[in-house]
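J.: Handing you a structure now.
The values are calculated or read from the model by the stated rules, or taken from the named source; none is laboratory data. Model, not experiment: these values are computed from the prediction. Methodologically, a virtual Cβ is constructed for each residue, glycine included, from the backbone with ideal geometry; neighbour enumeration extends over all protein chains shown.
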Amino acid sequence: MLAPPRVFDGILSVVWALAFTAIPLVTLHVVSGGKVGRLLRGYGVRAFGLSLLFGIATLMASLAMALAMRPFAPLEPNRVGDVLANANALAVSIFLVRTSVQLVGEEVVMVLPLLAVTWFCTARMCIGRRGGLAMGIAVSTLLFSAMHLPTYDWNVVQCFAVIGTARHGWC
């Protein structure tokens with residue numbers, strides 16, 4: 001969870017997730033001069049199926065990495081299950097809406113730095129496409145991993161080794 005507990009309770013947590021998702025998208029629209037459509041393809045049934053496939057693959061990669069790291073480093077649980085177990089139907093509904101919006105925001109936070117760094121490396125630093133893409137993946141994965149530090153009690157190994165490895169492999 002990106003918002004600290006009890007700071008944005010209830011419906012306000014959805015507002016936070018909407019801002020988290022909307023601000024980078026509006027920025028992309030402004031920076032691209034309103035020509036985002038040239039950058040992104042349409043999202044249809046095939047893309048949705050691929051999204052599900054990669055989502056499952058990412059979860060499996062995270063689980064595999066967590067199991068591999070468990071003997072060497074303590075891992076912090078995500079306490080969402082504990083919170084939801086004692087929540088009423090309205091609270092669970094709000095949580096699901098907020099989480100859905102937040103997951104889109106997390107993908108935006110992953111993709112935009114990837115695109116920006118890749119463009120900068122290839123267009124301005126004259127690095128080849130593969131090298132620029134590798135730099136973009138590295139930077140966006142580090143940002144994505146760091147974003148999860150508060151959720152996992154600032155466990156650096158867990159965020160960068162477990163979460164980062166899964167994101168790096170599937171972005």
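J.: Show the residue pairs that are 6+ apart or on different chains and have beta-carbon atoms under 6 Å apart, the first residue being within the range 8-36 and touching a residue at least 40 places away in the same chain (Cβ under 8 Å) and under 10 Å from ARG98 (Cα atoms), the second being hydrophobic (A, V, I, L, M, F, W, C) and exposed (fewer than 13 other Cβ atoms within 10 Å of the Cβ).
T.: Partner pairs satisfying both residue conditions: none exist.
Yes or no, residue by residue, for (1) of a type in the set (A, V, I, L, M, F, W, C); (2) touching a Phe, Trp or Tyr at 6+ places or on another chain (Cβ under 6 Å); (3) buried (at least 16 other Cβ atoms within 10 Å of the Cβ):
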residue	(1), (2), (3)
PHE20	yes, no, yes
TYR43	no, no, no
LEU63	yes, no, no
ALA68	yes, no, no
PRO74	no, no, no
VAL92	yes, no, no
GLU106	no, no, yes
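J.: Taking the stated definitions as given, is GLY131 surrounded by fewer than 15 Cβ atoms within 10 Å (Cβ to Cβ), of a type outside the set (Lys, Arg) and over 13 Å from the mean Cα position of the chain (by Cα)? I'd like the intermediate steps shown before the answer.
T.: On the way: surrounded by fewer than 15 Cβ atoms within 10 Å (Cβ to Cβ): yes; of a type outside the set (Lys, Arg): yes; over 13 Å from the mean Cα position of the chain (by Cα): yes.
Yes; evaluated as a whole, the condition is true for this residue.
J.: Which members of the range 126-154 meet the condition of being in contact (Cβ under 8 Å) with a residue 24 or more places away in the chain and within 20 Å of GLN102 (Cβ to Cβ)?
T.: SER140, THR141, LEU143, PHE144, MET147, PRO150, THR151, TYR152, ASP153
J.: Related question: Looking at LEU25, LEU39, LEU96, which is the one that is within 21 Å of the chain's Cα centre (by Cα) and surrounded by 13 or more Cβ atoms within 10 Å (Cβ to Cβ)? Outline the logic, then answer.
T.: Details: LEU39 fails: surrounded by 13 or more Cβ atoms within 10 Å (Cβ to Cβ); LEU96 fails: surrounded by 13 or more Cβ atoms within 10 Å (Cβ to Cβ).
After applying the criteria, what remains is LEU25.
J.: Taking the conditions exactly as written (in a loop (DSSP other than H, G, I, E, B), modelled with pLDDT of 90 or more, loosely packed, with under 15 Cβ neighbours inside 10 Å and over 12 Å from the mean Cα position of the chain (by Cα)), does TRP119 satisfy them or not?
T.: Criteria not met by TRP119.
J.: With the structure loaded, tell me whether LEU133 is farther than 23 Å from LEU53 by Cα, at pLDDT 85 or above and not acidic (Asp, Glu) or whether it fails that test.
T.: Numbers: farther than 23 Å from LEU53 by Cα: no; at pLDDT 85 or above: yes; not acidic (Asp, Glu): yes.
No.
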